[in-house]
Every structure is written in C-alpha cells, then in structure tokens.
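The values are calculated or read from the model by the stated rules, or taken from the named source; none is laboratory data. From a predicted model like this one, the values you see are computed outputs, not experimental measurements. All Cβ positions, glycine included, derive from the backbone under ideal geometry; neighbour counts span all protein chains shown.
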Amino acid sequence: MPTYLPTRKEIRDLLVDLLGREVTLNQSAPFAPGPSEPATLAVYVDDHLQTSAVVVCDLAFSALVGAAIGLVPLAGAEAAIEAQELPQTISENLAEVLNIASSLFNAPEHEHMKLHEVRPAAKGGMAINDRFLALTLGRREDLSIDIAGYGHGLLSIVLVR
Amino acid sequence: MKIIVADDSRVMRQIVVRTLRQAGFTGHDVLEAENGKQCLDMVLAEQPGLVLSDWNMPEMNGIDCLQSLRAAGSQVPFGFVTSEGSDDMRARAASAGALFLIAKPFSAETFQEHLGGIL
C-alpha cells in the first residue's frame, strides 16, 4: 500500500485544532537544511518498522509550534531560536505535535504509520543521513507556516519510500 | 464533578482541560494522572464521575487501566482521548466498557458531542 501524502487542508486543520489559534500555510521551496543549520527531523515508520516518511521543521517552526501548543510566551520561543537550542518543555511539546501528526498519514487504503523517533533541532546542525532524508525529492509538501501571535517557520513532509 | 485526565504528555493534559473549558464544561474538579497506574489508583481513591484517558502510556496503558478498573468493580464512565482511532482500537475500547474514543486532534465540538450526556 502506498504512503499517504496529507493535503495542505489536513495539515492546517490539525494545527488549528491542536494550537487553538489561526494558522496560515503557504507553499515554499523544498526545505534544504544547510550542513550546520539546526532542524528537527521526525521519523515515521510503517508496521514493519520501515522508514516511510519524515517531517522536517526548521528551528523557527520547531520553537514556535512547541511554544504555541503549551502557551509558552513568544519570548520563550525567541530565546530558543536565538540560542539554537530547544528547552526541554518546548522540545517535549514539539514531539507531541509530531506524534499526533502521524494521524495525517493514516488515511484509509494507505500504509499504517506511526512516529518512531524525533531528533529535535540542535546547535551544529543535523546528522548527514538526516539531511539526506530531508532532501529526498519526489512526493513531498513544503510549507511556510504562520502561527497567529507567534510567527512563521518551515515544515516539510517528505515521503521517503 | 471530579474528572480525571490521564496522559503522559503534560501539554496534552493541558489541551484536554482547555478543550473541556472551551466546550462549556466549566466548574469541574479536574485531576491529572501521568500514566494508567496512577489513573487506576486515583480513580479508586477519588471516585471521579468521569475519566478521559490516553491509550499509550508508560507503566500501564489506558486499555489495561480500564480493564483493571472494571475487574475491581468500578463502573466509572471512561472515554479514550488518543492519537490513533483504528477500528480495532475502537472495538477493543467498546468491549472493555469505554463510552467513546476521541482521536487527537479534537475540537470543542467533538467534546460536546461525546460528553454532553455525561457532564
């Protein structure tokens, strides 16, 4: 069964329901993290534990969505972006968003998926293998997402099989 | 009414409590549990009027918590709020005695629909 690539509306609805605030999505160029650019990678696997999709968030989106879902003040997210490190609360919140995001893939007649691992954005950039996964071309959705009251960042959903 | 919200994610417990408020269910005494074992102990000690529980939790998961409660004679109204709602999970929840299974993410309207007759 193929892996389902969620629509922009499904992604928006999930974020609006989770964050309880307005969210605006715009298409962006494929997110290509540089060698030292911090970015979050979430790995989703099928029932045979094969990696089928990844979600990649730039540092800004990682910090903003992790703050917004827990009503952490914007200043907390901005400090994390400045420091290029996500504090534990924001990191845990981000992981919860990415866990619930697994529901986006679970459309009828498609491969069942679950979150396997989240590697949060950290100073120094992503591991090289993670960067390759993030750069996979083909079926992907690259978005610039604005969270009302917080700001915008980049999120890419990338099917890797 | 006392309501127990069980989820290993602190932020999800916050969101469940916020959604209860947004759905108009205010004035209740909400207690929080971090896993199924804590929820089980809390139900037996506190005798709440409702449990809203995640499915996957450390120590004891939600379905084992519900089955332990029923085995202990508790008939507390119990509903799942969980990140996945497959047909198999819904069937297991119903046969164990759950009133409903709400899949995350959820809205205030979803809470009103499922909890309107209880709260």
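Here is how the numbers come out for the structure above:
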read-out	value
Residues located in region A:47-62, provided they are surrounded by fewer than 19 Cβ atoms within 10 Å (Cβ to Cβ) and either at pLDDT 95 or above or of a type outside the set (D, E, K, R) (or both)	A:His48, A:Leu49, A:Gln50, A:Thr51
Residues that are facing chain B (nearest Cβ under 9 Å), touching a strand residue (DSSP E or B) at 6+ places or on another chain (Cβ under 7 Å) and among the charged types (D, E, K, R), drawn from region A:94-121	A:Lys114
Leading residue by the ranking (nearest to A:Gly151 (Cα to Cα)) among those in region A:63-75 that are crowded, with 17+ Cβ neighbours inside 10 Å and away from chain B (no Cβ under 13 Å)	A:Leu64
Residue list for region A:1-45, restricted to those being assigned to a helix (DSSP H, G or I), within 14 Å of chain B (Cβ to nearest Cβ) and either touching a helix residue (DSSP H, G or I) at 6+ places or on another chain (Cβ under 7 Å) or touching a residue at least 12 places away in the same chain (Cβ under 8 Å) (or both)	A:Glu10, A:Ile11, A:Arg12, A:Leu14, A:Leu15, A:Leu18, A:Leu19
Close pairs from region B:65-90: first within 13 Å of another protein chain (Cβ to nearest Cβ), partner buried (at least 21 other Cβ atoms within 10 Å of the Cβ) and among the acidic types (Asp, Glu), Cβ under 6 Å, at least 6 apart	B:Thr82/B:Asp54
In region B:1-52, the residues that are among the basic types (Lys, Arg) and away from every other protein chain (no Cβ under 13 Å)	B:Lys2, B:Lys37
Of the criteria (1) closer than 15 Å to A:Thr40 by Cα; (2) free of Cβ contacts under 8 Å to residues at least 40 places away in the same chain; (3) in a loop (DSSP other than H, G, I, E, B), which one A:Gly138 fails	(1)
Pair list, Cβ < 6 Å and 6+ apart or interchain, from region B:92-105 residues that are away from chain A (no Cβ under 14 Å) to residues that are surrounded by 19 or more Cβ atoms within 10 Å (Cβ to Cβ) and of a type in the set (Phe, Trp, Tyr)	B:Ala93/B:Phe80; B:Ala98/B:Phe78; B:Ala98/B:Phe80
Pairs where the first residue, in region A:54-66, is more than 23 Å from A:Gly138 (Cα to Cα) and the second is of a type in the set (Phe, Trp, Tyr), C-beta under 6 Å, 6+ apart	A:Leu64/A:Tyr150
